[in-house]
Structure formats: structure tokens, C-alpha cells
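Notes for the one structure printed next.
The values are calculated or read from the model by the stated rules, or taken from the named source; none is laboratory data. Everything numeric in this text was worked out from a predicted model, so none of it was measured. Note: ideal-geometry Cβ built from the backbone for every residue, glycine included; neighbour counts use all protein chains shown.
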Amino acid sequence: MPSVPTLTPKQLAQFRRDGMLRLDRLLSPEGVARARSVVLAQFAKLGLWRDGAWNIPDALPDWPSAGIKPARDIGHRHPEIDALVAEPAVMALVEQLNGSAEIDRTIHPGSQVLASLPNAGPWVLPDSWHVDCPRLPSGRSPGVQIFTFLEEVGPRGGATLSLAGSHRLFDKGRAMKTRDIVRGLRGEPFFARLAAERFDLADPAMPLPFGAIGDVALEVVELTGRPGDAWLVDLRVLHSGSPNAARHPRVMVTRRFVRAALVPEISAAYGWR
């Protein structure tokens, strides 16, 4: 039986600073192969996977269209996909980062396939920054999200973009949803620069923006990787989808691990009853 991984003090410090951590070859090749087979079978039904290769139409979608709706066209409820992001190696690290907290099964009950076809036109830096969980008055992290890969996703290949360090912004002791956070960032020069540079970063060799707000260092990071690699991300980190300038689809899997003890605080922040 493979050993269960443990994050080192250096990795934990990086996660606290950046709100994200890349882990190469975290997931088992067997688990990846099973999940990939299921997803490719759905692509085959759409005519996009044929004879062991991608069959991409000449007419490509314009960003922000992904050209495919994963929930409808692929489906999220596949046991092989759920099993992949619940492997012992994943759960051990989630438990370490969540402080051994019980995982909620109601707000985000399962895994989710992330897929997008190649887009027409040049790559641009998107501006749809958001969070999937609100800032909480307690200042605590709602939990951790995993992103992993069923196909290699390289720079400018449709990867999720995350704003490293953004989980440390707006720790003001009150609930803040996406619109509150974005409103608070509008007057910050670094955030304004993200919009100003939208059309200047098509070359994968060009670095993505970095800077700071106050004493918080920030950097736009593409969550790239190969099958079996994974990113663990604090649920407070701002993130966005991005155009796919590659020649093949982006195919990823994600799951959010929300701390059950914080569900009442999350519900109150959203105004749920």
C-alpha cells in the first residue's frame, strides 16, 4: 500500500502565504486512467474524440464560450471521477490543511469536470475574478479546493487562473461575497492593471502580472499540470476561467472540501435560511 503523504513545514508555509500549492504526481496513474476513460467516452459521443485522438471542429468558439457545457455534455456524477479526487493521498492532505475538520457534503457535495475547447482568437487575461465561498466574519478559511488534470494543460491552455495571496486580503471581520471583494479592489492600482493588461499576454513565455496590495504580495498563477498532478487552493483565493489557446481541449477535475463546522457561518454570509 502506498504511503500517505504529509506536507512539509516549507509546503505549509507556502500554502499559508500563497493560498495554493502544486503537488506533482499526487494521484495514482490507475485512478487517472479510469477517470480519463470515462470522460473521453463522453467526448467520443460528441464526436470530439475519435480513434484515440482529438477531433476538433474547424469553427472554434470565441471566448468566453467554452464550446462545451460539462454538466450537460460530460456529466459530473461519475464514480470514477469522484473516486479520483477522494484518493487517500488527497484526503490526507485536505485533512492536514483543514485541520482534521469534518467535510460538509451539502454545499459542494461532489466533484466537477472542467472542460473547454480551443478558442478562436488570441489569448487574453480574463476579468471574471470571483470566489466560490465568501469571506467569513471569523476570518477562517471555509476549506480547500483541489484541481487536477486528465489531459496536460500548459500555459495559455485554458487553465484556471488564481490570484496567489488574495486569500489574505479583506480580513475585516465581516462577511464579503464576490461583489464586495471586487468592489473593494477596484481602487487598487494592481487590480486596475489586471484589466489594463488584458491584451498583452498572449505569448506563453510572457510572465503574468504580479504586484502587491499593502503588504500582501499577489501574483496571477495558471494552474497548469499533467495528468496526476494537483493543486490545492484555499477557497478564499480569487480565481477565474481563462481562454484556451492550445490545440486540444482543457480537461480538468475539481472538488471543494468545505469545513462542516463553518457551514452555519457560510449560510449566514449568503443570507440562506
Checklist entry - From the list GLY184, GLY165, GLY139, which residue is over 29 Å from VAL38 (Cβ atoms) and more than 22 Å from the chain's Cα centre (by Cα)? => result GLY184
Next on the checklist: What are the pairs with Cβ atoms under 9 angstrom where one residue, in segment 86-101, is under 26 Å from GLY139 (Cβ atoms) and in contact (Cβ under 8 Å) with a residue 40 or more places away in the chain and the other, located anywhere, is crowded, with 20+ Cβ neighbours inside 10 Å and among the acidic types (Asp, Glu)? Sequence gap at least six, or different chains.
Outcome noted: LEU97/ASP234
Next on the checklist: Against the definition (touching a Gly at 6+ places or on another chain (Cβ under 8 Å) and within 29 Å of PRO118 (Cα to Cα)), how does LEU161 come out, yes or no?
Outcome noted: yes
Checklist entry - Within segment 2-20, is there a residue that is touching a residue at least 40 places away in the same chain (Cβ under 8 Å), basic (Lys, Arg) and assigned to a strand (DSSP E or B)? => result no
Item to check | Any hit, segment 224-235, residues being in a strand (DSSP E or B), within 29 Å of GLY99 (Cα to Cα) and of a type in the set (Ser, Thr, Tyr) | outcome: no
Item to check | segment 131-156 - residue that is at positive phi and at pLDDT 95 or above and, of those, surrounded by the most Cβ atoms within 10 Å (Cβ to Cβ) | outcome: GLY143
Checklist outcome for this item: The correct count of residues that are more than 16 Å from ILE146 (Cα to Cα) and either surrounded by fewer than 18 Cβ atoms within 10 Å (Cβ to Cβ) or more than 18 Å from the chain's Cα centre (by Cα) (or both) in segment 105-119 is 3
Item to check | Among residues of segment 140-164, those that are in a loop (DSSP other than H, G, I, E, B) and either among the small types (Gly, Ala, Ser) or without any contact (Cβ under 8 Å) to a residue 40 or more places away in the chain (or both), counted | outcome: 4
Item to check | All positions within segment 25-56 that are among the aliphatic types (A, V, I, L, M) and part of a loop (DSSP other than H, G, I, E, B) | outcome: LEU26, LEU27, LEU46, LEU48, ILE56
Checklist entry - Considering ALA192, ALA159, which residue is in contact with a Leu (Cβ under 9 Å, 6 or more places away or on another chain) and surrounded by fewer than 16 Cβ atoms within 10 Å (Cβ to Cβ)? => result ALA192
Checklist outcome for this item: Being in a loop (DSSP other than H, G, I, E, B) and within 28 Å of GLU87 (Cβ to Cβ) narrows PRO122, PRO109, PRO137 down to just PRO109
Checklist entry - What number of residues within segment 54-104 are surrounded by 15 or more Cβ atoms within 10 Å (Cβ to Cβ) and among the acidic types (Asp, Glu)? => result 6
